[in-house]
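J.: One structure, as structure tokens, below. Some questions next.
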Amino acid sequence: MVIILIYSLPRKKNLREPSMEGLDSPEVAAAFEKVTNLLPFKLLHRKVLSQLKLYNLKDSLLDVGCGPGNLIIQVAKKYPSLDLIGVDLSSEILELAKKKAVENNLNEKIVFKIGSVESLPFPDKSVDFILSTLSLHHWEDPKQAFEEIFRVLTDGGVLLIFDFRRDARKFFYGLLKFATKVVVPKALKKINEPSGSLKAGYVFSEISQIISQTSFSNVYIKPYLAWMFIKLDK
Ligand SMILES: C[S@@+](CC[C@H](N)C(=O)[O-])C[C@H]1O[C@@H](n2cnc3c(N)ncnc32)[C@H](O)[C@@H]1O
């Protein structure tokens with residue numbers, strides 16, 4: 001009963017608080033890598049993987065803001081014929097991703113590149129599918145990022161984004177606070193993560209407004225309790 005009551009408390013209406021862009025210190029990168037091995041992250045990534053089944057993945061897939069590579073490694077195991085690329089702003093986190101790919105015997109399969117979503121190191125119309133999880137809320141210039149993704153996607157290509165929504169129910173904020181006390185490493189607590197990421201997340205109206213100023217016209221946003229999927233077709 002109490003749980004139902006807390007769960008149904010109104011959503012947060014706070015103003016957005018932008019968070020840091022790249023996870024670019026070795027301590028923060030290592031701490032984040034630890035966290036992504038925890039069950040909640042695995043479940044979130046599993047949810048994204050199950051969404052991929054809905055698409056006809058053809059030649060290439062790019063994971064933008066790939067972090068320590070957990071998701072793209074799962075993608076490589078499920079879709080061995082795809083050309084896979086992981087891009088991230090942080091060289092520290094990419095080192096961890098490369099190491100993980102080697103441990104999984106997938107270093108020949110996945111190319112990791114340093115780069116920003118606002119200036120991707122790829123030619124026009126060169127990637128069929130772009131995926132990004134829990135990274136959008138870090139992007140300094142999301143409008144430019146969406147334009148850049150549009151440039152790189154092939155005609156008919158798809159962008160799928162999974163990210164937190166700031167107007168998650170209070171229950172989720174409480175859950176994160178509890179998790180922070182119990183399992184989050186010090187280096188992340190110091191930079192106010194993970195709750196900083198939730199507070200930096202967009203709400204439906206904000207992100208719809210940003211996308212409406214870009215070249216994407218086929219927009220589909222599906223909000224869930226504390227996160228949302230954004231699907232854009234070129
Ligand atoms: C919270 S982590 C998520 C990592 C991974 N996608 C996952 O789901 O585990 C966010 C990642 O986005 C990266 N990032 C932030 N801003 C970026 C940008 N402008 N371009 C590319 N990567 C960025 C960060 O360095 C970090 O590795």
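J.: Can you work out which of the residues in the stretch 99-116 that are within 13 Å of Leu84 (Cα to Cα) and in contact with a strand residue (DSSP E or B) (Cβ under 8 Å, 6 or more places away or on another chain) is farthest from the ligand (Cβ to nearest atom)? I'd like the intermediate steps shown before the answer.
T.: Pass one, the stretch 99-116, residues within 13 Å of Leu84 (Cα to Cα): 101, 106-113.
Narrowing the set further to residues that are in contact with a strand residue (DSSP E or B) (Cβ under 8 Å, 6 or more places away or on another chain) leaves 101, 109-113.
Numbers: Ala101: 14, Lys109: 18, Ile110: 14, Val111: 15, Phe112: 11, Lys113: 10 Å.
So, considering only residues that are within 13 Å of Leu84 (Cα to Cα) and in contact with a strand residue (DSSP E or B) (Cβ under 8 Å, 6 or more places away or on another chain), the one farthest from the ligand (Cβ to nearest atom) is Lys109.
J.: What do you reckon, is Ile191 modelled with pLDDT of 95 or more and on the phi < 0 side of the Ramachandran plot?
T.: Details: modelled with pLDDT of 95 or more: no; on the phi < 0 side of the Ramachandran plot: yes.
In short, no.
J.: Considering only residues that are more than 9 Å from the ligand (Cβ to nearest atom) and of a type in the set (A, V, I, L, M, F, W, C), look in the stretch 29-49 and name the one that is nearest to Pro194 (Cα to Cα).
T.: Going through the qualifying residues, I end up with Ala31.
J.: Then there is this: With the checklist (1) among the hydroxyl-bearing types (Ser, Thr, Tyr); (2) within 13 Å of the ligand (Cβ to nearest atom); (3) in contact (Cβ under 8 Å) with a residue 24 or more places away in the chain in hand, flag the one item Ser195 doesn't pass.
T.: Of everything listed in (1) among the hydroxyl-bearing types (Ser, Thr, Tyr); (2) within 13 Å of the ligand (Cβ to nearest atom); (3) in contact (Cβ under 8 Å) with a residue 24 or more places away in the chain, Ser195 misses just condition (3).
J.: Being aromatic (Phe, Trp, Tyr) and touching a helix residue (DSSP H, G or I) at 6+ places or on another chain (Cβ under 9 Å) is the filter here, so list the residues in the stretch 206-223 that pass it. Before you say what the answer is, go through the steps one by one.
T.: Restricting attention to the stretch 206-223, the residues satisfying the condition of being aromatic (Phe, Trp, Tyr) are 216, 220.
Within the stretch 206-223, just Phe216 meets the criteria.
J.: Follow-up. Can you find a residue that is touching a His at 6+ places or on another chain (Cβ under 8 Å) and modelled with pLDDT of 95 or more anywhere in the stretch 119-135?
T.: Keep residues of the stretch 119-135 that are touching a His at 6+ places or on another chain (Cβ under 8 Å), which gives 133.
From what is left, the residues that are modelled with pLDDT of 95 or more are 133.
For the stretch 119-135, residues touching a His at 6+ places or on another chain (Cβ under 8 Å) and modelled with pLDDT of 95 or more: present.
J.: What pairs can you find where one residue is in the stretch 58-72 and under 10 Å from Leu96 (Cβ atoms), the other is part of a strand (DSSP E or B) and within 11 Å of the ligand (Cβ to nearest atom), and their Cβ atoms are less than 7 Å apart, with a gap of 6+ or different chains?
T.: From residues that are under 10 Å from Leu96 (Cβ atoms), the pairs are Gly67/Asp88; Gly69/Gly86.
The values are calculated or read from the model by the stated rules, or taken from the named source; none is laboratory data. As the structure is a computational prediction, the values presented were derived from the model and not from experiment. Glycine gets a Cβ as well: all are built from the backbone with ideal geometry, and neighbour counts include every protein chain shown.
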